[in-house]
Amino acid sequence: MISKETIRGGFPIKSLGDVAEFLDSQRRPITASDRVPGPYPYYGANGQQDSVADYIFDEPLILLAEDGGLFDQPDRGIAYSIEGKTWVNNHAHVLRARDCVQQKYLVRVLENYDVTPWITGSTRAKLTKAGASKIQIPLPPLAEQKRIAGILDAADALRAKRRESLAQLDTLLQSTFLEMFGDPVTNPMGWEELPVTEACEHVVDCVNRTAPLADRETPFKMIRTTNIRHGVVDLHNVRFVEEETFHKWNRRLVPRSGDVLLTREAPVGEAGMLRGDEHVFLGQRIMLYRANPRRMAAEYLLYSFMGAGLQRQFDRHGSGSTVKHLPLPACRSFQVLIPPVDLQRRFAAIVESVEQQKASQRAHLEELDTLFASLQSRAFNGEV
């Protein structure tokens, strides 16, 4: 992450409005029900959302989140490049680099920028055009911009390879699940089916209001929907509360290692398993499922909530016209297939073996992320 405080090197500083042209007047949203499927990418604040039958842009551009962006987690990216025939909705600023700046360099400056000083909105953070225009951009000569972009591209390619390796391990587990248990949508092996409340010891919803946050780091962590991804509950980027709040929010059940968490919304349908006994509690829009070991292995339950298994629940219970969500009654009404426990435990052993490999890969990825952040900071200060 970079910020206006970290770019005090020897390069001249220009505002984004001076180095890029805003093409926001040309973008247009299309509601999901009105989109005609086609070959052209349809982009929003955080990447491609759909493919449509027409386009409004046909050139290399940069998209910078206007609202709905990951402004509180800029390391996950708030800007990205697009090219070719595309359509952009009204949740991303559309930028054309001026002659004084290379597009590849400019997107590297913007992608992990802490734009908090220019954010407005009390309930939904918004980076207006007026605010975005003021973002401070370090501007070395074009040749130096090209060199810096090349260094960062090479470092980022290493991160991409590591993420690809992790994705391949995830795919391996999904394939293994289907091979051992069959497609959960069609249930070709005829497994018994039970309500999830009968297959679990506990099914618990979060407290549906925002906990008061601590103004410092504490041992007590709040899990948000953004911490749950691809089978993992990532506790690196969490918010903290005081001990009193932790106990108050955990009066019904204290989460523990092996619990499966599922996001009901924002984003919907991400599942992950808690690993390790840390002091955590559920933020809003999260369900907790604790498997009954006599009926179900936790790892089996986790992968039943991923891929085709979750789509099965969406088809039965999902609601919402543009952004689906899972209502609380639906999350308690899921039906799960129950293969023999011994077979589930064999799958759990495979998961544990692969998870050890993934842990090693994630540790290396964290090292690469740290290296990349250091390179960003040094590069934009003229130190590389």
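The values are calculated or read from the model by the stated rules, or taken from the named source; none is laboratory data. Small disclaimer: the values here were computed from a predicted structure and weren't measured. Quick reminder, even Gly has a Cβ in these numbers, built from the backbone with ideal geometry, and neighbours come from all protein chains shown.
Values computed for the structure shown
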read-out: Residues being part of a helix (DSSP H, G or I) and either modelled with pLDDT under 90 or aliphatic (A, V, I, L, M) (or both) - total across region 334-354; value: 7
read-out: Ile78 being within 20 Å of Ser133 (Cβ to Cβ), within 13 Å of the chain's Cα centre (by Cα) and of a type in the set (A, V, I, L, M, F, W, C); value: yes
read-out: Qualifying residue in region 294-301 (condition: surrounded by fewer than 17 Cβ atoms within 10 Å (Cβ to Cβ), over 19 Å from Cys331 (Cα atoms) and not assigned by TED's automatic domain parsing to the domain that holds Glu366); value: yes
read-out: Only listed residue being at pLDDT 90 or above, out of contact with any Phe, Trp or Tyr (no Cβ under 7 Å at 6 or more places or on another chain) and surrounded by fewer than 19 Cβ atoms within 10 Å (Cβ to Cβ), chosen from Glu83, Glu5, Glu66; value: Glu83
read-out: Total residues in region 98-120, condition closer than 17 Å to Ala130 by Cα and outside any loop (DSSP other than H, G, I, E, B); value: 6
read-out: Residue count, region 170-194 (criterion: in contact with a Ser or Thr (Cβ under 9 Å, 6 or more places away or on another chain) and modelled with pLDDT of 90 or more); value: 2
read-out: Residues of region 135-151 satisfying the condition of being farther than 15 Å from Ala97 by Cα and either of a type in the set (D, E, K, R) or surrounded by fewer than 19 Cβ atoms within 10 Å (Cβ to Cβ) (or both); value: Ala143, Glu144, Arg147, Gly150, Ile151
read-out: Among residues of region 168-188, those that are touching a residue at least 12 places away in the same chain (Cβ under 8 Å) and either assigned by TED's automatic domain parsing to the domain that holds Ser374 or in a helix (DSSP H, G or I) (or both), counted; value: 10
read-out: Any hit, region 33-48, residues being part of a helix (DSSP H, G or I), over 23 Å from Arg163 (Cβ atoms) and of a type outside the set (D, E, K, R); value: yes
read-out: Residues satisfying the stated conditions in region 30-50, i.e. of a type in the set (D, E, K, R) and exposed (fewer than 15 other Cβ atoms within 10 Å of the Cβ); value: Asp34
read-out: Glu5, sole failed condition from (1) closer than 23 Å to Gly121 by Cα; (2) in contact (Cβ under 8 Å) with a residue 60 or more places away in the chain; value: (2)
read-out: Every residue from region 240-265 that is part of a loop (DSSP other than H, G, I, E, B), out of contact with any His (no Cβ under 8 Å at 6 or more places or on another chain), at pLDDT below 90 and not basic (Lys, Arg); value: Asn250
read-out: Qualifying residue in region 181-200 (condition: within 24 Å of the chain's Cα centre (by Cα) and not polar (S, T, N, Q)); value: no
read-out: Unique match (being part of a strand (DSSP E or B), loosely packed, with under 14 Cβ neighbours inside 10 Å and charged (D, E, K, R)) among Glu201, Glu193; value: Glu193
